[in-house]
Amino acid sequence: MPERRYYSIRTGRRPGGVQLDLPTFKRLFLSLYSDLDEEGWFQEAFGFECVDSGMVFGALGRDVRGEVLLALRKDDLWPVRSWIDNYSEDDLFDVIEFLFDYVSFPTKRDYHDWNQCGWHCSEFDPIRGKATYREKINRLLNEYSAGFELSEQGEVLRLGDDGLRPLLAAKLPDGADEANVRNRVDAAVLKFRRHSATSEDRRDALRDLADVLEYLRPEVREVLEEKDEADLFNLANNFGIRHHNAKQKTRYDKAIWYSWSFYYYLATIHASLHLLERKPGSSRS
């Protein structure tokens with residue numbers, strides 16, 4: 001069933017409602033993980049324990065905790081049920097991403113009812129497993145803190161500011177230069193949205209977008225007014241984004257400024273490419 005918002009949430013009438021802070025999020029995540037685990041969604045990778053056969057190892061072998069340590073460079077994260085109370089936000093996001101890599105929907109399984117042993121799974125569909133896992137975990141991530149999502153590549157990303165989220169997922173026109181525009185814009189958006197992105201990471205992402213505009217500048221002049229084009233590069237060059245000198249303005253709230261500038265540049269790139277595509281005689285058409 002499609003996700004929908006019910007009356008109190010939809011109308012903003014839940015001032016005393018439950019907010020997904022970290023403890024609440026961990027509780028709901030543990031419930032989701034436990035359901036999937038009991039249904040056998042992680043048996044292909046992690047194996048399972050049988051009352052008759054003992055431990056049946058999965059693709060990661062007998063030391064899953066060691067594999068988690070090697071992958072995440074952190075100890076005391078596995079098994080989830082034992083350590084989740086101690087998880088920081090970063091720990092939890094790391095585990096969510098790790099589980100995405102190894103989740104598989106069980107397509108063939110048998111229930112071993114002796115002593116309520118549970119499901120024994122033998123065939124799996126990892127593509128379906130990842131897609132369904134993303135759908136389920138994003139119900140929680142979307143509502144946690146400022147809002148996050150698990151991407152199709154299995155990375156936890158910030159959703160972005162309300163009203164501007166569609167811009168982050170918008171596709172550039174088909175005629176966009178792959179190496180000098182499309183790949184650089186995609187990388188900048190990913191860098192900006194990573195949940196662990198620092199202020200420096202966000203400035204780098206903003207600088208990358210400014211560099212894309214610099215590459216497009218000769219063509220942008222054809223579709224923007226001269227003053228508008230000059231203002232674009234004034235923002236990047238005089239506010240401590242692209243260059244570093246004593247004349248630059250740096251006394252501003254970076255969190256607000258970087259966010260506003262990022263969306264401004266991203267929207268300008270999209271608009272400019274669409275305008276160039278519609279220009280009569282354009283090779284992009």
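The values are calculated or read from the model by the stated rules, or taken from the named source; none is laboratory data. A quick note: this is a predicted structure, and the numbers were derived from the prediction, not measured. Cβ coordinates were reconstructed from backbone atoms using ideal geometry, including for glycine residues, and neighbour counts include every protein chain displayed. Just the protein is used for accessible areas: all its heavy atoms, side chains included, with ligands, DNA and RNA removed. Shrake-Rupley method; radii C 1.70, N 1.55, O 1.52, S 1.80 Å.
Annotations for the structure displayed:
- When the range 160-174 is limited to residues that are surrounded by 15 or more Cβ atoms within 10 Å (Cβ to Cβ) and over 17 Å from Phe192 (Cα atoms), the one that is nearest to the chain's Cα centre (by Cα) turns out to be Leu172.
- Those residues of the range 21-55 which are open to solvent by 50 Å² or more (accessible area, probe 1.4 Å), farther than 18 Å from Arg134 by Cβ and without any contact (Cβ under 8 Å) to a residue 24 or more places away in the chain, in sequence order: Pro23, Arg27, Glu49, Ser53, Met55
- Residue in the range 142-159 that is least open to solvent (accessible area, probe 1.4 Å), counting only those that are in contact (Cβ under 8 Å) with a residue 40 or more places away in the chain and over 8 Å from the mean Cα position of the chain (by Cα): Tyr144
- Test: residue in the range 61-72 that is crowded, with 17+ Cβ neighbours inside 10 Å, within 28 Å of Trp114 (Cα to Cα) and modelled with pLDDT under 95: no
- Here is the figure for the range 187-201: residues that are out of contact with any helix residue (DSSP H, G or I) (no Cβ under 7 Å at 6 or more places or on another chain) and either exposed (fewer than 14 other Cβ atoms within 10 Å of the Cβ) or in contact (Cβ under 8 Å) with a residue 60 or more places away in the chain (or both) total 2.
Each row is one residue, and each column tells you yes or no for (1) part of a helix (DSSP H, G or I); (2) touching a helix residue (DSSP H, G or I) at 6+ places or on another chain (Cβ under 7 Å).
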position: Thr107; (1), (2): no, no
position: Phe124; (1), (2): no, yes
position: Gly129; (1), (2): yes, no
position: Glu135; (1), (2): yes, no
position: Pro166; (1), (2): yes, no
position: Asn180; (1), (2): yes, yes
position: Arg203; (1), (2): yes, yes
